[in-house]
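Read the structure below first, then the notes.
The values are calculated or read from the model by the stated rules, or taken from the named source; none is laboratory data. Just so you know, these numbers come straight off a predicted model, no measurement behind them. Cβ sites come from the backbone with ideal geometry, for glycine too, and all protein chains shown count toward neighbours. What goes into the accessible areas is simple: the full protein's heavy atoms, side chains included, and nothing from ligands, DNA or RNA. Shrake-Rupley method; radii C 1.70, N 1.55, O 1.52, S 1.80 Å.
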Amino acid sequence: MSTATISFGLVTVPIRLYAASESQAAVSFNLLHEKCHSRLKQQYICPKDEELVTRDQMVKGYEFAKDQYVVFTDDEIKSMAEEASKTIEITEFVPLAKVDPVYFEGAYYLGPDKGGEKAYRLLAEAMRQTGRCALAKWAARGKQYLVLMRPLESGLVMQVLHYADEVRPFSEIPVGDAVVKEPELKLAVQLIEQIATDEFKPDAYVDEVRARYHEAIQRKVEGQEVTAAAPEAPKGQIIDLMEALKASLAQKGPRPVESSSAPAAASSKAARKTARPAAETRTLRAPKAAAGGKRR
């Protein structure tokens, strides 16, 4: 578990950081030798000298032009890295609605450390009443991160943000110059209202593809065969936009969430439990960033 101190003005708040989510990596497969099913090892080959290169013969370089590199030693890379800091320094408070979610990256829950309970609650309540969130700087793993702290119903969450030069401007995206007709707009609004709900229920959704993989893996572990499901029959495509909207509205009521979601999630958990050890208690994992690599 990691600890830090929130700083704004002369006020300091000792806090603890907790991972807000459990990473569910995509199912990956290892390359094996077909003959004996032994896992293959990766090796590095120099294409110029056509020889195997071992770890002790490797150096790090940055490509500044096509096939042209400048080489850095480990000490030189360390000298450029940001020194880790226990302080999360608030620089300003802004309305949360003014921060586009496209900047959001990872998230951490913040809880008060010993002796910081009152200052923690004071900061959270003050942000709730003002409707503002805090922008701050945080140094970890040799990098400096821009973070946003926002109040929840009972505490604070810290959101790691992308820097401006890491987010593409939407002006680069071609959207064409199509004109929307009023009757089409009215039908589209009706369709939205027809399948609208008043709150987001994330537990109603599961990653069905990952669950399908884990179920197939479980069957394989148990010695069963895995067969491909028959492909769905192609649906008739409606070309006319008005006709498509009318046909959609004809399907009355909101589209129900598949009832198989819960069993699929349970099967996925069971398969993961068999295929790999249970995950340890989640604590802070600072955003991964390889030294000298591109910041994400």
Residue, least open to solvent (accessible area, probe 1.4 Å), within segment 7-43, restricted to residues that are under 21 Å from the mean Cα position of the chain (by Cα) and over 30 Å from G115 (Cα atoms):
V27
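Only one of Y108, Y69, Y62 is out of contact with any Lys or Arg (no Cβ under 8 Å at 6 or more places or on another chain), under 20 Å from L17 (Cβ atoms) and not in a helix (DSSP H, G or I); which?
On the way: Y69 fails: under 20 Å from L17 (Cβ atoms); Y62 fails: under 20 Å from L17 (Cβ atoms).
The conditions single out Y108.
Does segment 140-172 hold any residues that are loosely packed, with under 10 Cβ neighbours inside 10 Å and modelled with pLDDT under 90, and which are they? Show your work before the answer.
Taking segment 140-172 and keeping what is loosely packed, with under 10 Cβ neighbours inside 10 Å, we get 153-154, 164-165, 168-172.
Matches in segment 140-172: E153, S154.
Residues are listed down the side, and each one gets a yes or a no for (1) aliphatic (A, V, I, L, M); (2) touching a Cys at 6+ places or on another chain (Cβ under 7 Å); (3) without any contact (Cβ under 8 Å) to a residue 24 or more places away in the chain:
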residue	(1), (2), (3)
V94	yes, yes, no
K98	no, no, yes
V102	yes, no, no
G111	no, no, no
Y120	no, no, no
M127	yes, yes, no
A140	yes, no, no
M158	yes, no, no
L187	yes, no, no
Does segment 59-92 hold any residues that are in contact (Cβ under 8 Å) with a residue 24 or more places away in the chain, small (G, A, S) and open to solvent by 70 Å² or more (accessible area, probe 1.4 Å), and which are they?
A84
Any idea which residue in segment 106-139 is farthest from S154 (Cα to Cα), counting only those that are among the charged types (D, E, K, R) and open to solvent by 70 Å² or more (accessible area, probe 1.4 Å)?
K137
